[in-house]
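Here's the structure we're looking at; comments come further down.
The values are calculated or read from the model by the stated rules, or taken from the named source; none is laboratory data. The structure presented is a predicted model; accordingly, all values stated were derived computationally and were not measured. Neighbour counts are summed over all protein chains in view; Cβ atoms, including those assigned to glycine, are modelled from backbone coordinates with ideal geometry. All accessible areas refer to the heavy atoms of the entire protein, side chains included, with ligands and DNA or RNA removed. Shrake-Rupley method; radii C 1.70, N 1.55, O 1.52, S 1.80 Å.
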Amino acid sequence: LHEGRVLPVPVISFERYSKLTKLLNTQVLVLKFLMLTGVLSERMLQYLWGTSNLMECAKIYLITIMQKQSFTAEIEFLRGTGNGKVPDRVRDLNLFLDNRGILRCDGRMAKVSSLHYDPDMINPIMLGKNHPLTNLIILNSHHKIKHLGIQPTLNRIRLDGFRLIHPINSVKQTLKSCFTCKKMNALAFKYPKMTDLPSHRINLIRPYNHVGV
């Protein structure tokens, strides 16, 4: 329950996995099992998620569950089942639902001709704040750029077609759990206390008093 609403529960718990690829692969196996047992068919996959590609269906399913848990009021308003009051995020971020039911942000990049091949960059997918799936997506982008810093990770997330509510804080908080970064950035010793600056660096002299070639 969240604010009196019953939140959807995923088939596979997000908290069970530490990597996005493992979660996606497991969800694909679940979809394959449902197709073998006759619960799902290719026609049903096309109806639910607009594609018969199992990996794409798994991705869309996980994202929609995450967004229903994180943006309940916004999705209800956009579907016309809310209380009529426009949520702040819908107004401030120009949120809308695409034909697959995914919550996206309408930015100012629609006229960039070089991005027409990638609609996810023009209208990025919204990620929930402090959600387990959001953390997995951040870590996956962080691994793609070989464990660089906060800003390169954030740039990679944007290139992957996602948008965060609080970008810097979300990435910084998630990267604290990266074991590789902890291992490589940890110092084996503590630096000694800095001494006073030498006299030749703090005395006032005439310009060009020392010139060398």
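In the chain, taking the dipole from charged Cβ atoms about the Cα centre, the farthest positive-side position among Asn83, Leu197, Leu133 is held by Leu197. Rounded to the nearest 20 debye, the dipole magnitude of the range 55-187 is 460 debye, with +1 charges on Lys and Arg beta carbons, -1 on Asp and Glu beta carbons, and the Cα centre as origin.
Net charge of the neighbourhood of Pro132, taken over other residues with C-beta under 10 Å away and scored Lys/Arg +1, Asp/Glu -1, is 0.
Helix 20-36: angle to the longest alpha-carbon principal axis of the chain, degrees 0 to 90, nearest 10? Taking Cα atoms only, the helix is inclined about 10 degrees.
Charge tally for Lys176 (other residues, Cβ to Cβ under 14 Å; Lys, Arg +1; Asp, Glu -1): +3.
The local environment of Leu154, defined by Cβ-Cβ distances under 14 Å, has a net charge of +4 under the rule Lys, Arg +1 and Asp, Glu -1.
Straight Cα distances below 16 angstrom link Lys183 to the lysines Lys146, with same-chain residues fewer than 8 positions distant left out. The mean of 1/r over all distinct Cα pairs in the range 77-213, once inverted, gives the Kirkwood hydrodynamic radius of 19.1 Å.
Projecting the Cα positions of Thr26, Tyr208, Asn123 onto the charge dipole of the chain (unit charges on Cβ atoms of Lys, Arg, Asp and Glu, taken about the Cα centre) puts Tyr208 furthest along the positive direction. Length, then width, then depth: along the principal axes, the Cα atoms of the range 13-72 run 29, 25, 16 Å.
The fraction of accessible area contributed by carbon and sulfur in the range 117-213 is 58 percent, rounded to a whole number (1.4 Å probe; ligands and nucleic acids excluded). Accessible surface area normalised per residue over the chain is 69 Å², counting heavy atoms of protein chains with a 1.4 Å rolling probe.
Which residues make up the longest stretch of the chain clear of chymotrypsin sites (Phe, Trp or Tyr not before Pro) that lie in a DSSP loop with no more than 15 other Cβ atoms within 10 Å, not counting the sites?
1-116
With the gyration tensor restricted to C-alpha atoms of the range 1-151, the semi-axes of the equivalent ellipsoid amount to 24, 22, 18 Å, longest first.
Computed from Cα positions, the angle between helix 150-159 and the longest principal axis of the chain comes to roughly 30 degrees.
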